[in-house]
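Some notes on the structure that comes next.
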Amino acid sequence: MFVHSTVYKCNECEKCFDSNQPLTVHKRSHSGEKLFECSDCGRRFTKAINLVVHSRIHSGEKPYKCHVCDKAFSQSGHLNPHMRVHTGDKPYKCPLCNKSFTTSSNFQTHERRVHSNRRPYDCRYCGKLFVTKSELKRHVRIHTGAKPYSCRHCSDRFTSRYKLKRHLLESHNEGTWLMCHICQKKFVVSDSLKTHVRRHEDVKPYVCSECSKRFYTACELKQHQLKHSEVRQFYCCLCDKCFKHRHNVKKHFKRCATSLGITDGHSGLLLSNLPLIISAPVSGPSSQDELQERVNV
């Protein structure tokens, strides 16, 4: 028997749907329309389900529970990777160092952080570069003052989940501290505890490919690798000079600003508003107007 079927196609990207309702929702991804607003922080969403998931940040609701350790999650998509902690399954393997990961996002972050100088996400306020989008998102809150994480016991709000979790532990005795079995030092998250224990046990899993020197953390390895590299990824935004290390460009910036006559109160420009680091070198400002444009970016 023939059943007539109508296909609903998006005129922007030609994606097809079985009915008009999902097509209507899909079109919002092109128009930017966000009908659903969070009553706690004002953030808006294109889909009602996205608002429901987001609201769990404020309510603390975690309906998806691990049957092995009782750890709970706000999204089902977070529970599935967690189960690999118990099974030991790490399907994402780095071809350069053979380290394995439970999620593709952790593998991609590892590649950028350990095996490359690539930092694709830059802050539009100060030009600082980041390995992941989530790191950039947390950083931007320094500029905007946004505090999307609220305590359900008091009126305090926080810029990150980590700070909220620490507050709950310290102020409301909610949650469980993670304790070092050697010195009894307490930690909020497991990654910090793992790094701490490595120092007790003198385990250095990160190895330099140039000289075989070993390190406790990926960050320490990355800093060391700059000694072998000619890459100078930090640039003064007032001239063409570039540096290997962030602290060096900050020292240079103060001298450079003074030589250009840029000080607090001079021509309405404040040093605190100038970006110290950008992703690529640029030519020095040819005029005070051009400098003002850089400040306002």
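The values are calculated or read from the model by the stated rules, or taken from the named source; none is laboratory data. If you're wondering where the values come from, they're calculated on a predicted model, not measured in any experiment. Using ideal geometry, Cβ is built from the backbone for each residue, glycine included, and neighbour counts are taken over all protein chains shown.
When the residues of the stretch 237-279 are filtered to those that are closer than 20 Å to LEU136 by Cα and in a loop (DSSP other than H, G, I, E, B), the one that is modelled with the highest pLDDT is HIS245.
Within the stretch 180-218, being in a strand (DSSP E or B) and closer than 26 Å to CYS154 by Cα holds for LYS186, PHE187.
Taking the stretch 13-34 only, how many residues are on the phi < 0 side of the Ramachandran plot and among the acidic types (Asp, Glu)? Quick ask: steps written out before the conclusion?
Filtering the stretch 13-34 for residues on the phi < 0 side of the Ramachandran plot gives 13, 15-31, 33-34.
Okay, now just the ones that are also among the acidic types (Asp, Glu), so 18, 33.
Total satisfying the criteria: 2.
Taking the numbered list (1) in contact with a helix residue (DSSP H, G or I) (Cβ under 7 Å, 6 or more places away or on another chain); (2) closer than 26 Å to MET83 by Cβ in turn, CYS123 passes all entries but (2). Selection of first residues in the stretch 189-204 that are not assigned by TED's automatic domain parsing to the domain that holds GLU170 and exposed (fewer than 15 other Cβ atoms within 10 Å of the Cβ) and of second residues that are assigned to a helix (DSSP H, G or I) and among the charged types (D, E, K, R), restricted to Cβ pairs under 9 Å at least 6 apart or on distinct chains, gives the following pairs, ordered by first then second residue: VAL189/LYS165.
Scan the stretch 42-85 for residues that are touching a residue at least 24 places away in the same chain (Cβ under 8 Å) and either touching a strand residue (DSSP E or B) at 6+ places or on another chain (Cβ under 8 Å) or of a type in the set (A, V, I, L, M) (or both) and report the count.
First, the residues of the stretch 42-85 that are touching a residue at least 24 places away in the same chain (Cβ under 8 Å): 43, 57-60.
If we keep only those that are either touching a strand residue (DSSP E or B) at 6+ places or on another chain (Cβ under 8 Å) or of a type in the set (A, V, I, L, M) (or both) as well, we get 43, 57-58.
So the count comes out to 3.
Being β-branched (Val, Ile, Thr) and at pLDDT below 90 is a description that does not apply to VAL189.
Using the structure shown, decide if ARG119 is in a helix (DSSP H, G or I) and surrounded by 13 or more Cβ atoms within 10 Å (Cβ to Cβ). For ARG119, the condition - in a helix (DSSP H, G or I) and surrounded by 13 or more Cβ atoms within 10 Å (Cβ to Cβ) - is not met. Look at ASP18 and say whether it is modelled with pLDDT of 85 or more, among the acidic types (Asp, Glu), surrounded by 11 or more Cβ atoms within 10 Å (Cβ to Cβ) and out of contact with any His (no Cβ under 8 Å at 6 or more places or on another chain). For ASP18, the condition - modelled with pLDDT of 85 or more, among the acidic types (Asp, Glu), surrounded by 11 or more Cβ atoms within 10 Å (Cβ to Cβ) and out of contact with any His (no Cβ under 8 Å at 6 or more places or on another chain) - is not met. When residues in the stretch 158-188 are screened for being surrounded by 15 or more Cβ atoms within 10 Å (Cβ to Cβ) and under 14 Å from GLY60 (Cβ atoms), 6 of them pass.
Looking at ARG161, ARG166, ARG214, ARG199, just one residue is touching a Pro at 6+ places or on another chain (Cβ under 8 Å) and of a type in the set (Lys, Arg), and that residue is ARG214. Screening the candidates HIS54, HIS26, HIS67, HIS86 for the property of being assigned to a helix (DSSP H, G or I), modelled with pLDDT of 85 or more and over 24 Å from the mean Cα position of the chain (by Cα) yields one hit, HIS86.
Looking at VAL203, VAL197, VAL207, which one is more than 24 Å from CYS126 (Cβ to Cβ) and in contact with a Lys or Arg (Cβ under 7 Å, 6 or more places away or on another chain)?
Values: VAL203 fails: in contact with a Lys or Arg (Cβ under 7 Å, 6 or more places away or on another chain); VAL197 fails: in contact with a Lys or Arg (Cβ under 7 Å, 6 or more places away or on another chain).
VAL207 is the lone residue from the list that is more than 24 Å from CYS126 (Cβ to Cβ) and in contact with a Lys or Arg (Cβ under 7 Å, 6 or more places away or on another chain).
When you check THR217 against the structure, is it out of contact with any Leu (no Cβ under 9 Å at 6 or more places or on another chain) and either acidic (Asp, Glu) or assigned by TED's automatic domain parsing to the domain that holds HIS196 (or both), yes or no? It is true that THR217 is out of contact with any Leu (no Cβ under 9 Å at 6 or more places or on another chain) and either acidic (Asp, Glu) or assigned by TED's automatic domain parsing to the domain that holds HIS196 (or both).
When the test is whether a residue is surrounded by 14 or more Cβ atoms within 10 Å (Cβ to Cβ) and either at pLDDT below 85 or in the same structural domain as SER209 (by TED's automatic domain parsing) (or both), CYS94 does not pass it.
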